[in-house]
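Colleague: Here's a structure for you.
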Amino acid sequence: MEIRIKSIDEIDSAAKKFVDEMGNNRVFAFYGKMGAGKTTFIKAVCENLGVEDVINSPTFAIVNEYVDGNDEPIYHFDFYRIKKEQEVLDIGYEDYVYSGNICFMEWPELIEGLLPADVVKVTIQEEEDGGRTIMF
């Protein structure tokens, strides 16, 4: 699947399309360069799932927990500062990822060996015109 965003004004409709395509998948790994829009897109997706909390990157906390419109937890990870996979295991990573709840991960390439087999890999690519292409 591919979703094209020409400007930030289209992010909400792109997030709706993404939510419609999520199906029963629970774990999503977001790949993209610094500044590609991973956090911004995850925020829009969470809002479309009914999250009313403040949504921001868990760069320092590693994981943020939000509650969706059905009172179900959503876990948002940012592995940018991870130096060793053991750090991720120490925060209870497996409890989150295998909980059956939705997990969104930024910088998953830093924990590639720990990703579950059924992870959905999402790539956000910045285009020359400033737009974004989301591929999954």
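Colleague: Could you give the spread of the C-alpha atoms of the chain along their three principal axes, from largest to smallest, in whole angstroms?
Modeller: 40, 33, 27
Colleague: Follow-up. Counting DSSP beta bridges in the stretch 57-136, what percent are antiparallel, to the nearest 5?
Modeller: Rounded to the nearest five, the antiparallel share is 65 percent.
Colleague: Let me see the P(r) profile for the stretch 65-119: every Cα-Cα distance counted, bins of 5 Å, each bin given as a percent of all pairs.
Modeller: Histogram of Cα-Cα distances, whole percents per bin: 4, 18, 32, 25, 13, 6, 2.
Colleague: Ignoring any ligand, DNA or RNA, what whole percent of the accessible area of the stretch 1-104 comes from carbon and sulfur when the probe is 1.4 angstrom?
Modeller: So the carbon and sulfur contribution to the accessible surface is 45 percent.
Colleague: From the residues TRP107, THR123, PRO73, which one has its Cα farthest along the dipole of the stretch 51-136 in the positive direction, the dipole being from +1 and -1 charges on Cβ of Lys/Arg and Asp/Glu about the Cα centre?
Modeller: TRP107
Colleague: How big is the charge dipole of the chain about its Cα centre, in debye rounded to the nearest 20, if each Lys and Arg gets +1 on its Cβ and each Asp and Glu gets -1 on its Cβ?
Modeller: About 340 debye.
Colleague: Taking the Cα centre of the stretch 41-82 as origin, work out the dipole magnitude from +1 charges on Lys and Arg Cβ and -1 charges on Asp and Glu Cβ, in debye rounded to 20.
Modeller: Roughly 300 debye, rounded to the nearest 20.
Colleague: Tell me the net charge near ASP53. Cut-off is 11 Å between Cβ atoms, ASP53 excluded, with +1 for each Lys or Arg and -1 for each Asp or Glu.
Modeller: So the surrounding residues net to -3.
Colleague: Among all stretches of the chain without exposed GluC sites (Glu not before Pro) (DSSP loop, at most 15 other Cβ atoms within 10 Å), which one is longest?
Modeller: Excluding the exposed sites themselves, the longest stretch runs over 53-126.
Colleague: Using only the alpha-carbon atoms, how far is helix 38-48 inclined from the longest principal axis of the chain? Give it as 0 to 90 degrees, nearest 10.
Modeller: 80
The values are calculated or read from the model by the stated rules, or taken from the named source; none is laboratory data. On a predicted model such as this, the values are computed, not experimentally measured, just so you know. Methodologically, a virtual Cβ is constructed for each residue, glycine included, from the backbone with ideal geometry; neighbour enumeration extends over all protein chains shown. These area figures cover heavy atoms from the full protein model, side chains too; ligands, DNA and RNA do not enter into them. Shrake-Rupley method; radii C 1.70, N 1.55, O 1.52, S 1.80 Å.
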